[in-house]
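A short worksheet on the structure shown next.
The values are calculated or read from the model by the stated rules, or taken from the named source; none is laboratory data. The structure presented is a predicted model; accordingly, all values stated were derived computationally and were not measured. Using ideal geometry, Cβ is built from the backbone for each residue, glycine included, and neighbour counts are taken over all protein chains shown.
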Amino acid sequence: MSHLRSLQRRFQAYLTGSSEAIEKDIVSTSDALAEHRLGTYFNAYRIRLIDCLAIEFSGLHKHLGQQAFENMALDYLKNHPSSHPSVRWFGQDLAEHLGSVSNLEDSDFLSELASFEWTKGLVFDDYDSTTPYSIEDMAQVPQLAWPTIQVKFIVAMRWLDFYSNACPYWVALDKHETLPLIEYGDYPVRWLVWRKDRNPYWRSLEAHEAWAIEVAAQGADFSAICEGLCEWISEDQVALIAAGFLKQWISDEMIVSIDFE
């Protein structure tokens, strides 16, 4: 058994390109040298991983085209060998990798495009929360308890801060529409990504809602949210705006519970 385990490890090392020691275990014949026999598995392993990345990052694949995507994927594999038992996680470092590659045109855009696609996959895979909180549930909160309201969001929710128009560009790719020019802003736009009805949803956030969601996720109560929103909104309107945010989050099925004292 120990011999088999050692053989498997040498074969794995060969596939990942870290060692060629397995070659001495493979018989060469006049019809096929050991390196040729092994090469079949070596190439097949890379083709399967490239195919997995093309499925996970379909927009990136469409944008780059087959050949450029394959070259990018091989470079990624070289720098980030697959190390997880499940191929599902092979692409987890792709966005970071693309952002660090200096010889790629629009590497920052490619990184954000990959990050968006990976995040969509994460929220799709996240485990189900309990039954979403409803507007009817919200109506049962006593008026005097509103200042102490604290919300609990679903697990399947993330946010991303992008300088480029990667998200609308991805939509155009997905719908086979005319592609917009790749653009960058002076300041990042926050994009909220979450799962609703078993599908990923996303939308951009204005600065005040982005701040409100972030502090609410950290445990801030309604009074603290209102106080902070006064940086953007007049005091006489802030409670109405904050309540509107709560209603929107509930309608989007982003909240699983609301606690209050």
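With respect to (1) assigned to a helix (DSSP H, G or I); (2) free of Cβ contacts under 8 Å to residues at least 12 places away in the same chain, the lone exception for Phe109 is condition (2). Of everything in the range 196-227 that is of a type in the set (D, E, K, R), at pLDDT 95 or above and closer than 16 Å to Ser251 by Cα, the residue that is surrounded by the most Cβ atoms within 10 Å (Cβ to Cβ) is Glu209. Take Ile255 and tell me if it is aliphatic (A, V, I, L, M), under 20 Å from Thr119 (Cα atoms) and surrounded by 15 or more Cβ atoms within 10 Å (Cβ to Cβ). So Ile255 passes the test. Residues considered: Tyr184, Tyr169, Tyr163. Of these, the only one that is touching a Gly at 6+ places or on another chain (Cβ under 7 Å) and of a type outside the set (D, E, K, R) is Tyr163. Do we find that Thr119 is surrounded by fewer than 16 Cβ atoms within 10 Å (Cβ to Cβ) and not aromatic (Phe, Trp, Tyr) in this structure? No; evaluated as a whole, the condition is false for this residue. From the list Ile225, Ile213, Ile258, Ile250, exactly one residue is more than 21 Å from Leu60 (Cα to Cα) and part of a strand (DSSP E or B). Which is it? Selected residue: Ile258, the only one of Ile225, Ile213, Ile258, Ile250 that is more than 21 Å from Leu60 (Cα to Cα) and part of a strand (DSSP E or B).
Considering Glu112, Glu177, the condition of being farther than 26 Å from Gly228 by Cα and out of contact with any Ser or Thr (no Cβ under 9 Å at 6 or more places or on another chain) is satisfied by Glu177 alone.
Which residue, of Glu56, Glu70, Glu20, is at pLDDT below 65 and either surrounded by fewer than 17 Cβ atoms within 10 Å (Cβ to Cβ) or within 23 Å of the chain's Cα centre (by Cα) (or both)? After ruling out the rest, the residue left standing is Glu20. Considering (1) touching a residue at least 24 places away in the same chain (Cβ under 8 Å); (2) of a type outside the set (A, V, I, L, M, F, W, C); (3) farther than 18 Å from Val171 by Cβ; (4) touching a helix residue (DSSP H, G or I) at 6+ places or on another chain (Cβ under 7 Å), the lone condition that Pro200 does not fulfil carries the number (3). Scanning the range 118-142 for residues that are assigned to a helix (DSSP H, G or I), among the charged types (D, E, K, R) and under 27 Å from the mean Cα position of the chain (by Cα) gives Lys120, Asp125. Check Asp125 against each of (1) crowded, with 16+ Cβ neighbours inside 10 Å; (2) closer than 30 Å to Trp249 by Cβ and name the one condition it does not meet. Against the list (1) crowded, with 16+ Cβ neighbours inside 10 Å; (2) closer than 30 Å to Trp249 by Cβ, Asp125 comes up short only on (1).
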